[in-house]
Structure formats: C-alpha cells, structure tokens
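J.: Just dropping this structure here.
Nothing in this text is a laboratory measurement; each read-out follows from the coordinates by a stated rule. All values reported here derive from a predicted model rather than from experimental measurement. Here the Cβ is made from the backbone with ideal geometry for all residues, glycine too, and neighbour counts use every protein chain on show.
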C-alpha cells in the first residue's frame, strides 16, 4: 500500500527533478529528527524569544571555568541532489542570556557538496558579546543572514548539506556564560531550470505619443526571473541605443542619455534566470515629444553679451517638454533640476551679469548652475539661487555654460527671457585707501559699483558687530540692532567742519545700496584708546531699504578736521545679487529722509514667538528665512510666515518684492 504525505512548512519541497529545497520554520512538535547534532540537542520553544511564527529552535550553551569553550552545532539532512543552479540560504539567529551577565558567542555557517567529507565556510559569522547586551534579561537583536552560492558552486547531483556551528567563550573567568541561541526562518532554495515567462511593459504604454525624452522604461515583475535584459532602438528589431543591458533587482531602467526627440522608439524587455532567457517576447513602441533645442548641453543656446550693466528683453526660452540632463547636483539646496535648459557664452570680462525674467504668470522661482570646460567634460563652478546674479571670477576667452531650471520638483511649461551683460570696470575708489575725496558741497555724483573687487559673499556666521567690516570700535554709541552685513563696495571721504552733514544714496537697477559712515579718532580718543589710534569708529549705518531704493544718514554736528569715510555696498552681500550705479549726495544741510506718504517694508513682531507679519508697498515675490550659517530654512510668498517649527535663536529674513526691490534684517525667534 502506497502512503501519501501532505508536507507542512517544516518539510522538504518534493520535486520531479534534482533541486535543493528546504523551508524550515520550526513550527512542528520536535526538531527534525534526521538532522545531526554536536553538543546539546536543540528543541522547539514558543517561550521568551520566538523569531518567526509561534516557535523557534533553541540550543543552550554554558561556558564555565571547567568548560570554557563549549560548542553546539547542527547539520541538515541530505537534500535532493543538486541541479547545478545557484543556491540561496537564509537563516535568522538571536542570543538570549538566561543567567549571569555575559554573552560571548560566534555563529558560523558551512556547507558541503560531498556529504560531509569537506566543509566550506560561508563567511560573515554572527557575533554576540556582552557589549551588545548590557542589561540583564535583555534579548539581543535578531540577525538575518543571507548567503548565495553562484551557479556551479553546487554541481549537479552533489550531496549538499548545511552546518551551523555556535562557539562560546568566557569574557571573564569569574562570570559564567549561560545563554540560549535561537534559530528560525531557515530556507535553502535552488532555482529550477524552467525558463521565465515574458513580462508586460507598463511604461511607456504601447503606441503612446509625446513621451518625454528622459522617460524611464518600466515593466511588471516575473516570477522565477532574477534579472531582465533591456533593448531600445529606433527601428523595429534593431536596438541601436540599448542592446541587452542587464537589470537586476528592479523593474525599471533609467536612461543614461536622453532619447531622440520626435522619434518612434522600439523597446523590448526579456526576463532572465540561470536557465536562460524568456522566449518569444514581443517589442513595444512609442513616440517621443519635441524638447527645446537647448534641452542638452550639446545644443546650448549661445548668449550674446549686451552693452550696459543691466539688459532688457533678451533671448526667449521655455521649459516646455524640457528634461533632466545630468544626475549630479552638488549645490546645497532643495532645487530639483528635472527640466533644465542650457545656455553658453564666452567670457569677455572677469565679471558678467545674468538676468532671467519669467513670462507673465510663469514660474518665477528659478535656479542656475554655472559650469566651465567643454560639453564633454564640464566642471561645476557655482550654484546660483537668483534670477539676476553676478557671474564672478571668470576667465576671459573661456567658454561657460548656464544650466537653468525651475526650483520646484514638478515640470512646467513656463517661458522666460535671459540676457547677459557686463559689469563695470573696477572703480577708482574701490578701497578705503583710494576713497574719493569730497572737497566741495553740495556734492552730487553717480558711481558705478558693479566692478568692485571685494565681493566676499560671506555667510551670516561672518557677520561683524560694527557698521560693516570696516570699523573696529564703536565710540558713537550707534544702535546696531538693525544692522545686517555688507561686503566692500566703493568709498568716499570728506573732512568734518563742525557743521551738520546729510549723506544720501539713490540706487538704480535691481539692487539696494547700503551706507556705512566711519570717522577717524580724535586726539583725545587716541589718548584714551591707544590700541585703536589708527582705526575707524562707526558713526552711522543705514541698511534697511526705503522707498525708491534711497537711504539717508544725517550727522547733526561733524567734528572739525576729523576725516569721515562713506562706504556704499550691497546690503545682501551673501547672495549673488549684482550691484549697479548709485547716486551719492553729500550736503551741509538736512535732506528729507523720505516721502512720509510712502510706505516702507515692515516686519513685526521682532522678537517673534510664532508668526511674523510682513507689510510691503508692492506684492511679495519671495520671503526666505536663513540661519546664522546662511542655510535656507523656509520660503514663502505669503504675508505671514509661521516660525513655530524653528528653535529659539537669531535668523535672517529676506523679502524680495515683484518690483525688484529687496530687504533683509535680523529676526529673533523667542
């Protein structure tokens, strides 16, 4: 009489041909009786530390002074003969102390292909030590070990077995080592020789139109397949773009370069395992869209450099159907270059100005990356989070590339115009030592600041506590609480007469000129502060923008024969915002500071505990919160910004309006 057995989860998979297969979850009433053991025999338990299901196999070990190095091991029974394919082994282990205070054990794994004559170490042993288990009665974490033997490692008809060996040792001669080792989830599986079935391509869908040129290829997973071969070409059956590239552990393929635009493409994905490739798999086709001509660096649009400091109009461009060009992006930003377009220019000066103007109702938050080199070997030079920015430290005659994209993560059809101009020459009064001396009043002159040399682009951690970085001592008691920070700009000087003076700057172009006024020390002050005898002291500062980009500083009574210095610079120097021309007026009579009927930007409350409010005379383009290291933390376009998520401390708030004016100041979160 023939007996039939229904195999449970703890038994061998019975196959019609040679194949190693075991799935042992130790959920039965006893450990497998046909396995062999050294040391204490294991037993099944559903006690303190099951790893999977209700039960696990447990073996106890005790290292003592008399038995310092006990060993426990088990060996599986002979499985069905091998078919020569790869073998994958998984097993979970965990240690648990049942007395005393130490665990010191190593679990190693071996296999044999000759019935136990020779054992081969699988490597990657699992170790447990007291350091990992400092608290009494605390379980060690579960360790999942996985091993894979390549095809041929276990030859056809080999007598394969697995051995798991646990060795223990004393950490301290006075402390015994008593613990349990748990084993569970043991699987040994050798792939069959059946060929996998064909897959279904899920993206792009068959016969689809207007597919982006950087679209990934996607397909359904196939059981029994351990990899896939991808084919892409521009003619049916002729895969001239990707020829059988192997993809493992994934069901998608990312193109290394964009596909041709406005072209029908043919794709085929063939599942593969160690037995071979799926047969009779069919191809699919789709048609790509037409991207911008400058979607890739090789098609970069050449920018002509216009005369003048700031340009209008410019070259029209679009992000419509643009794709991502390269994966690398080393800028410290959340910008996502998934729709970039490219421009190139040959530097005619060491400093140019790039200006991007979004179309009406288009995306107005753009990002740029500046590169140099050749299209085949570009080097990233600079990251720019401004629509109008200085491109500095250029090499005349060298070619540069601008990669422009929207800051958001989603693609857009937005249009824009881009133009490139040249900053002015280095001004004659570029430094304090070359300050323009004013000897006649009323003084009224226009200066070009765009070419000044000391553009530090400092971070907020470099902010000084005087007017800017030109003064060392503050003897005037100037209130510096609203002072932001500045880089070096242009300088002017005049000698005090004992009369009042009024100093005003009127900026033109998309920038806001900051004024800092210093003076030399009097003889009495030099006697009192000899260590500062040759330094400047801060007289007054004006960095908060007012209507029409105008600043005014009044000196009620100048000190006779003391030299005064005026520094005009960019009050948002930590950005790439360019400077331009400025009208400097110095008079011996008071000047009206501003039209009282015109409203300035107001930021309140400050200090703030939760929500800060912004009142502005024109619509807000962007509000940005920075930390003291210059890192961008928050962005908004609303008139109220919630800061509850930020910790207490000092920050910088920057407000940019749609009319091109900007403002920033320190903000304290309490």
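J.: Kindly state, to the nearest 0.05, the FRET efficiency for residue 506 paired with residue 305, given R0 = 30 Å and r defined as their beta-carbon distance. Numbers along the way, then the final one.
T.: Working: r = 27 Å, r/R0 = 0.91.
Result of the calculation: an efficiency of 0.65.
J.: Still on this structure: For a footprinting-style exposure proxy, rank 414, 66 by other Cβ within 10 Å, fewest first.
T.: Numbers: 414 19, 66 7.
If I rank by nearby Cβ atoms, fewest first, I get 66, 414.
J.: Between residue 474 and residue 29, 0.36 nm times their residue separation minus their Cα-Cα distance comes to what?
T.: Details: separation 445, 0.36 × 445 = 160.20 nm, distance 8.65 nm.
The residue 474-residue 29 span can extend by a further 151.5 nm.
J.: By its C-alpha gyration tensor, with a ≥ b ≥ c as the square roots of the eigenvalues, how is the stretch 163-262 shaped: rounded for a/c under 1.5, else prolate for a/b larger than b/c, else oblate?
T.: Details: a/c = 4.20, a/b = 2.85, b/c = 1.47.
Prolate, because a/c is 1.5 or more and a/b exceeds b/c.
J.: Test of understanding: ordering 148, 24, 73 by Cβ neighbours within 10 Å, fewest first, what list do you get? Don't jump to the answer; show the numbers that get you there.
T.: Working: 148 11, 24 22, 73 18.
Lowest to highest Cβ neighbour count: 148, 73, 24.
J.: Sort the following peptides by mean Cβ neighbour count (other Cβ atoms within 10 Å, averaged over residues), highest first: 650-658, 254-262, 162-170. Can you show the working numbers first?
T.: Working: 650-658: 18.9, 254-262: 13.8, 162-170: 20.9.
Descending mean neighbour count gives 162-170, 650-658, 254-262.
J.: While we're on this one: Please work out the FRET efficiency for the pair residue 88 and residue 444, using the Cβ-Cβ distance as r and a Förster radius of 60 Å; give the result to the nearest 0.05.
T.: Working: r = 84 Å, r/R0 = 1.41.
Calculated transfer efficiency: 0.10.
J.: Here is a follow-up. Using a Förster radius of 35 Å, what is the FRET efficiency between residue 257 and residue 645 based on their Cβ-Cβ separation? Nearest 0.05, please. Walk me through the numbers on the way to the answer.
T.: Numbers: r = 41 Å, r/R0 = 1.16.
With R0 = 35 Å, the Cβ-Cβ based efficiency is 0.30.
J.: With the cut-off at 1.5 for a/c, could you classify the stretch 602-669 from its C-alpha gyration tensor as rounded, prolate or oblate? Spell out each step's value before the answer.
T.: Values: a/c = 1.90, a/b = 1.49, b/c = 1.27.
Prolate, because a/c is 1.5 or more and a/b exceeds b/c.
J.: Using only the Cα atoms of the stretch 297-422, build the gyration tensor, take square roots of its eigenvalues as a ≥ b ≥ c, and label the shape rounded, prolate or oblate: rounded if a/c is under 1.5, else prolate if a/b is larger than b/c, else oblate.
T.: Numbers: a/c = 1.65, a/b = 1.18, b/c = 1.39.
Oblate is the answer for the stretch 297-422, as a/c is 1.5 or above yet b/c matches or exceeds a/b.
J.: Report the Cα centroid-to-centroid distance between the stretch 333-354 and the stretch 102-129 in angstrom, as an integer.
T.: 58
J.: Given 0.36 nm per residue, what is the gain on full extension from residue 348 to residue 282 after removing their alpha carbon distance, in nm? Please report the intermediate quantities before stating the final value.
T.: Working: separation 66, 0.36 × 66 = 23.76 nm, distance 5.54 nm.
Contour length minus Cα-Cα distance gives 18.2 nm.
J.: Between residue 359 and residue 557, what is the spin-label point distance in nm, taking each point 7 Å from the Cα along the Cα→C-beta axis?
T.: Distance between label points: 6.4 nm.
J.: Give the order of 467, 281, 538 when sorted by the count of other beta carbons within 10 angstrom, beginning with the fewest. Don't skip to the answer; put the middle values down first.
T.: Values: 467 28, 281 17, 538 24.
With the fewest neighbours first, 467, 281, 538 line up as 281, 538, 467.
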